[in-house]
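J.: The structure is given below, and queries will be raised subsequently.
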């Protein structure tokens, strides 16, 4: 007996589908009703208003203290006075960038300022003071000295040169050196001298009393004991420092060292 044909199977499937009825409609997502949304919205508004009042209107989160750290020459009181922090104002409203800029502008000795809010009532000021690499005799105030940092910034005038900081002399002693000074300007020569001072070996730096910048490429050092080092320009500073260290070990009693051409160093005198 022949089996069911394709047509018979199709009719059977249609009949079974008719008997089971149409598929159920998809379920619709029910949104919360107004009675649910309205209270939730009111709660959000009240929370936002309460948070705003807490930050801006309450007495709980206002500036009460200003702490200072990192000072050396400058006192914490000077930093607080320069900052002029708005004591009593909401802590959230303090413009930390403007406060840091105000300190740097009023106190040139300050190199960097880190301002932090310390909740609930405090502003913390962490300062970094500039350190002198060289000092220059003040042209405006006889007998006083201007401190120069590692970037060549002249940041403070002092009555007495700091101990262990070499003196810088701009000493053009010929027509060519004077022309170099006019061409590059004293600020450029100061920066070149600072570059030299930054590259000195430790032992040499401790013994350096004066850095003489005669021109852009004619910088020399006066050391303790009447010794002198001809450094030349500030270029190849690390190499010159290494060569000078070896030269001074090879000729410890010499009084004159020349590393202006580091491939051909020289020493003389005893």
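J.: Looking at region 85-119, which of its residues are within 22 Å of residue 130 (Cβ to Cβ) and part of a loop (DSSP other than H, G, I, E, B)?
T.: Result: 107, 108, 109.
J.: Tell me which of these residue 257 doesn't satisfy, since it passes every other one: (1) closer than 21 Å to residue 166 by Cα; (2) under 33 Å from the mean Cα position of the chain (by Cα).
T.: That leaves (2) as the condition not met.
J.: Which of the residues spanning region 197-223 are in a helix (DSSP H, G or I) and closer than 13 Å to residue 167 by Cα?
T.: 197, 205, 206, 207
J.: Also: Restrict the check to region 132-145 and report whether at least one residue is modelled with pLDDT of 90 or more, surrounded by 18 or more Cβ atoms within 10 Å (Cβ to Cβ) and within 22 Å of residue 82 (Cβ to Cβ).
T.: Within region 132-145, one or more residues are modelled with pLDDT of 90 or more, surrounded by 18 or more Cβ atoms within 10 Å (Cβ to Cβ) and within 22 Å of residue 82 (Cβ to Cβ).
J.: Scan region 86-109 residue by residue and report those that are touching a helix residue (DSSP H, G or I) at 6+ places or on another chain (Cβ under 6 Å) and more than 15 Å from residue 66 (Cα to Cα).
T.: Listed by number, the residues that qualify are 106, 107.
Yes/no matrix, rows are residues, columns are (1) in contact with a strand residue (DSSP E or B) (Cβ under 7 Å, 6 or more places away or on another chain); (2) surrounded by fewer than 13 Cβ atoms within 10 Å (Cβ to Cβ); (3) at pLDDT 90 or above; (4) assigned by TED's automatic domain parsing to the domain that holds residue 147:
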site: 43; (1), (2), (3), (4): no, yes, no, no
site: 53; (1), (2), (3), (4): no, yes, no, no
site: 73; (1), (2), (3), (4): yes, no, yes, no
site: 93; (1), (2), (3), (4): no, yes, no, no
site: 98; (1), (2), (3), (4): no, yes, yes, no
site: 102; (1), (2), (3), (4): no, no, yes, no
site: 105; (1), (2), (3), (4): no, yes, yes, no
site: 112; (1), (2), (3), (4): yes, no, yes, no
site: 122; (1), (2), (3), (4): yes, no, yes, no
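The values are calculated or read from the model by the stated rules, or taken from the named source; none is laboratory data. Small disclaimer: the values here were computed from a predicted structure and weren't measured. Positions of Cβ are backbone-derived with ideal geometry, glycine not excepted, and every protein chain shown enters the neighbour counts.
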